[in-house]
Amino acid sequence: MKAVIDILDLSKDEILELIDTAQDIIRDPDKYAHACDRKKLATLFFEPSTRTRMSFEAAMYELGGHVISMSSAGSSSAAKGESVADTAKTVSCYADIIAMRHPKEGAAYVAAMNASVPVINAGDGGHCHPTQTMADLLTIYREKGRFDHLTIGVCGDLKFGRTVHSLVGAMSRYEGNRFILISPEELKLPSYVKQEVLKARNIPYEQTTDLEKALPKLDILYMTRVQRERFFNEEDYLRLKDSYILTTEKMKLAPENMIVMHPLPRVNEISVAVDNDPRAAYFKQVLNGKYMRMALILKLLGIKP
Ligand code: NCD
């Protein structure tokens, strides 16, 4: 396998294999401490990031490898007008594997077509974010013990939220799952995701603007930030940004064993007091993301410690 651009590039079996590796890493980190000795990961981030970039870096270091990166998009040759294709060809001369984030949908695909080393999409515009979904999947596996027969509420910016598009794709492959899509009218799930994923696979879903009404039915609530950087005008953002705020009061409406997920960063959509609720799983997601990225790097480099 040469690239992971979309979560659906990985089969269900491959997802399970990655989960197995991640759990083995959690059990016995020493076994993996030199797995990537002398290997280099390049992180090419043309958009802001804290978790994704740092977890890729931490993942590579914990595997004994090295990380090279550009300090910022503005300081790279992209600022001089270099194409993604040329950057990918160039970085392939320095690194064994590339993780790339870019504001344009499809940029990671272009990089993968031109690189001679594996490319991982670390987020391409409002399109996909497969490694966030891997973090989400390990979290669901560890917290709920299964991927099937779950009612999943996704709430917030379903239009521009790339993590949502990838998660819906991934969870649609398991039996008995249903979605409650909670968003303002303007930020509904794009129709291509509804057509190509939900309708194509006959997955039951409902669309609503009402978080409170949905809460009692959920096994998982996946909150998201309104994606300010993808809006065409600031007024719309300001009007929509606080559409949903999960509070301890609202959490009283949720089942006792529901989990709350969020890819982070959080802006205002989950009040800080909810962090103390045992159902809050979003910081566990952060840690799980590092383990899954370790597992993915090993898989793409064909290393089995
Ligand atoms: C997400 C992203 O970049 O899409 N962040 C992340 O990688 N955990 C979500 C977001 O920015 O809202």
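What the table shows:
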| item | result |
| --- | --- |
| Computed over the range 120-224: relative contact order in percent, which uses C-alpha pairs under 8 Å that are six or more apart | 32 percent |
| 0 to 90° range, to nearest 10: angle between helix 282-301 axis and the chain longest Cα axis | 40 degrees |
| Prolate/oblate/rounded call for the range 1-68, Cα gyration tensor, a/c under 1.5 rounded | oblate |
| Note, ³J(HN,Hα) from phi for the range 234-239, Karplus 6.51, -1.76, 1.60, rounded to Hz, x at Gly and Pro | 4, 4, 4, 4, 4, 5 |
| The chain - charge dipole about Cα centre, Lys and Arg +1 at Cβ, Asp and Glu -1, debye rounded to 20 | 320 debye |
| log₁₀ of I(q)/I(0) at q = 0.08, 0.12 Å⁻¹ - the range 130-284, Debye sum with one point per alpha carbon | -0.20, -0.45 |
| CD proxy at 222 nm, helix term only [per DSSP H run n ≥ 4: -39500 (n - 2.57); per residue of the chain; nearest 500] | -10500 deg cm²/dmol |
| The range 63-187 shape via C-alpha gyration tensor axes, a/c threshold 1.5 | prolate |
| Greater than 27 Å apart at Cα, pairs in 199/252; 12/89; 12/199; 144/199 | 199/252; 12/89 |
| Farthest positive-ward along the chain dipole, Cα basis, beta-carbon charges - from 5, 92, 68 | 92 |
| The chain, relative contact order in percent, only Cα pairs under 8 angstrom and at least six apart counted | 20 percent |
| The range 13-57 and the range 268-305: distance between their alpha carbon centers, rounded to Å | 11 Å |
| Binned Cα-Cα distance frequencies in the range 111-176 - 10 Å width, integer % | 19, 46, 26, 8, 0 |
| Relative packing of peptides 162-174, 100-112 - highest average C-beta neighbours within 10 Å first | 162-174, 100-112 |
| Pairwise centroid distance, computed over Cα atoms, of the range 176-196 with the range 197-264, Å | 11 Å |
| Bins of 20 Å, starting at 0 and running to the largest distance - Cα pair percent for the chain | 34, 58, 8 |
| Solvent-accessible area per residue, Å², over the range 100-259 with all protein chains present [probe radius 1.4 Å] | 41 Å² |
| For the chain, share of DSSP beta bridges that run antiparallel, in % to the nearest 5 | 5 percent |
| Expected-Rg normalisation [2.2 N^0.38 Å, Cα atoms] applied to the range 1-152 | 1.07 |
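The values are calculated or read from the model by the stated rules, or taken from the named source; none is laboratory data. Predicted model, so just to flag it, every value in this text is computed and none were measured. Neighbour counts are summed over all protein chains in view; Cβ atoms, including those assigned to glycine, are modelled from backbone coordinates with ideal geometry. Keep in mind that these areas ignore ligands, DNA and RNA; they rest on the heavy atoms of the full protein, side chains included. Shrake-Rupley method; radii C 1.70, N 1.55, O 1.52, S 1.80 Å.
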